[in-house]
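Report on one structure; see the data block that follows.
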Amino acid sequence: MAGIRLQPEDSDVSQQSRAVALAASDLVSDDDRSVAADSWSIKSEYGSTLDDDQRHADAAEALSNANLRPNSDYSSDKDEPDSEAVSSMLGFQSYWDSAYADELTNFREHGHSGEVWFGVDVMEIVASWTKALCVEISQGRIPNDVDAVKAEAGELDDKLLSSWSVLDIGTGNGLLLQELAKQGFSDLTGTDYSERAVNLAQSLANRDGFSNIKFLVDDVLETKLEQEFQLVIDKGTLDAIGLHPDGPVKRMMYWDSVLRLVAPGGILVITSCNSTKDELIQEVESFNQRKISSAQELEAGKDEESCREPPFQYVSHVRTYPTFMFGGSVGSRVATVAFLRK
């Protein structure tokens, strides 16, 4: 990947100053590099319940009507976006099949767990912050834009969290689900379109004492899952989708699929290194407007007045990631944002 996106520390940073492309080799090591991981592509070996051409056509039409800038289009001092940043091998299933084949071999021969995308520190922050958010929501408190998520550990936490069904899309080696299990979640499912990733995740979970975690082969863009989940986690999947040559269309399809997976009243938590908090919020608002417009068109010939609410509402974001100064802007390399399914 050619660069990483500077994540603004707060919403006061202007669009120009917060979207700064940095050379990854100057900022991070190979171990800490913020790459779009746990990826997906549109095509699954298990096929689709919908016609692929129609899905592409619907998404392309919606994209053309939406005021949405592809988030893989890095802002920089160049007149044109860096082509390497816009698309990448990370957007293809073949890349991940190969990568997880190597990691599965390393696990079997040496016991290695594999790469932790975005790093262990980010994974632990995502897990603990998500726990605090879910505890607050379980107790009837929904944070707003100005309030940080705050929840102290209590005896009721495990009981509250045990009722949350959790789905990790693009689970990779499944280590995030293990971290969530340590936080008290127990109904945990991870999906990945790479069968080798699922084999690795299940092997690691069994070895580490988390055999209760379920892992399934499933492509989020053509999901066969019929269950709705109260908490859906995405750590790098949307990033990888955006790195495919057809990224903008696939991102539209992603939101249609995720809408079916998050139960009403549930939470979607996205962690990204390619999109800032504000860009993720804007993408969700564009999706909301598309769904509302579609509902209004369907009801156009009826006497009833359309009263559709936006399907997703911004709730909160992680404020505790390490920050740095670059080009006069203060930001971080990763953004984690939560949305409430209405």
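Only the coordinates and a few stated rules stand behind these numbers; no lab work does. Note that this is a predicted model, so its numbers are computed, not measured. Virtual Cβ from ideal backbone geometry, glycine too; neighbours counted across all protein chains shown.
Filter the range 229-261 for residues that are β-branched (V, I, T) and under 18 Å from R290 (Cα atoms); which is surrounded by the most Cβ atoms within 10 Å (Cβ to Cβ)?
V258
Where in the range 208-298 are the strands (runs of 3 or more DSSP E), entirely inside, with at least 3 residues that are out of contact with any Ser or Thr (no Cβ under 9 Å at 6 or more places or on another chain)?
Details: elements: 214-217, 229-235, 262-272.
Result: 262-272.
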